[in-house]
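What follows is one structure encoded as structure tokens, with my remarks underneath.
Where a number appears in this text, it was derived from the coordinates with a stated rule and is not lab data. Quantities reported herein were computed from a predicted structural model and do not represent experimental measurements. All Cβ positions, glycine included, derive from the backbone under ideal geometry; neighbour counts span all protein chains shown.
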Amino acid sequence: MNEHIVAPSVLSLDYTHLKEQVRGLNESNAKWLHFDVMDGHFVPNITFGPIILHTFDQMSDLFMDVHLMISDPEKYIPDFIKAGADGITFHTEAVGNDIEHIRKIIDDLHAQSIKAGFVVKPKTDIKQFEPLLPIVDYILIMSVEPGFGGQKFMPDQLEKVRWLDAKRQEKGLSFRIEIDGGINETTAKEAYAAGCDTLVAGSYVFKADIAKQVDSIL
Ligand SMILES: O=C(CO)[C@@H](O)[C@H](O)COP(=O)(O)O
């Protein structure tokens, strides 16, 4: 059983108080910082790139969990590694759900000592990726359509989590199951019960005292 990890999504951070908010994260029990990269093409929103990741990396020792919501992940992965990524997930849909292509990207990340995994959108079937389970460090399940913070949790996505957890036990694997979107005190409990060990939370963490919010969903 993997320990629980909360990964606050800096998409919801108050950038007018960047230093105080990062201090709040550093002093909380969050172990990861979730960095959402959106390109305005793969998803209908644009966020930040490697320069901002580097800024966070200089301000924090937290594990930099980079979630690439971009159309051509391989093109930009080297920049995010240089900027301080510790783990990278990319969308299977961005590479046509092609298993061998996904495997190659994960192998390349591992060759550079970066933790690696893939992400699926809500409508993507997870079962097709069973051959990849032995090689990933983590899998990210989207519990909202990617693109924006503050959306409502989609409980039907927990079916994917249950399936992954069952496969993990059956095969004696230890990859993490991370979930992203609409996490709060109630949905966090549901996610843990289904088999998640890593929760991304944006609006819930930053709407009040960071340390207290993190502890409430650990
Ligand atoms: O990747 C995304 C959205 O695409 C997420 O990381 C959100 O940033 C989570 O925000 P909340 O739903 O927790 O507010």
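A 27 angstrom limit on the alpha carbon distance is what I want to check against. Which of Lys75/Lys207; Lys31/Lys160; Lys19/Lys189; Lys19/Lys123; Lys115/Lys207; Lys31/Lys82 exceed it?
Values: Lys75/Lys207 35 Å; Lys31/Lys160 24 Å; Lys19/Lys189 30 Å; Lys19/Lys123 37 Å; Lys115/Lys207 29 Å; Lys31/Lys82 21 Å.
The answer is Lys75/Lys207; Lys19/Lys189; Lys19/Lys123; Lys115/Lys207.
Ranking Glu3, Glu130 by Cβ neighbours within 10 Å, fewest first, what do you get? If you can, show how the numbers build up before the last one.
Working: Glu3 9, Glu130 13.
Lowest to highest Cβ neighbour count: Glu3, Glu130.
With a cut-off of 8 Å between alpha carbons and a minimum separation of six or more residues, what is the relative contact order of the stretch 1-120 in percent?
Numbers: 183 pairs, mean separation 24.6, N = 120.
Over the stretch 1-120, the number comes to 21 percent.
Taking other Cβ within 10 Å of each residue's Cβ, how do Met142, Met154 sort, fewest first?
On the way: Met142 25, Met154 16.
If I rank by nearby Cβ atoms, fewest first, I get Met154, Met142.
Let me have the relative contact order for the stretch 117-205, percent, based on Cα pairs under 8 Å that are six or more residues apart.
In percent, rounded to a whole number, it is 30.
In whole Å, how far is the Cα centre of the stretch 77-138 from that of the stretch 12-61?
20
Dipole of the chain, Cα-centred, from +1 at each Lys and Arg C-beta and -1 at each Asp and Glu C-beta, to the nearest 20 debye? If you can, show how the numbers build up before the last one.
Working: 21 positive and 33 negative charges, 44 e Å.
In debye, rounded to 20, the chain gives about 220.
For the stretch 158-205, just list the percent of Cα-Cα distances falling in each 10 Å bin from zero outward, please.
Result returned by the calculation: 29, 51, 18, 2.
Using amide H atoms built in the peptide plane, which far-off residues or other-chain residues are under 5 Å from Ala7 H to H?
Distant-sequence amide H within range of Ala7: Leu199, Val200, Ala201.
Compute from the Cα atoms of the chain the Rg and the Dmax, the latter being the longest Cα-Cα distance, and quote both in angstrom.
15.9, 47
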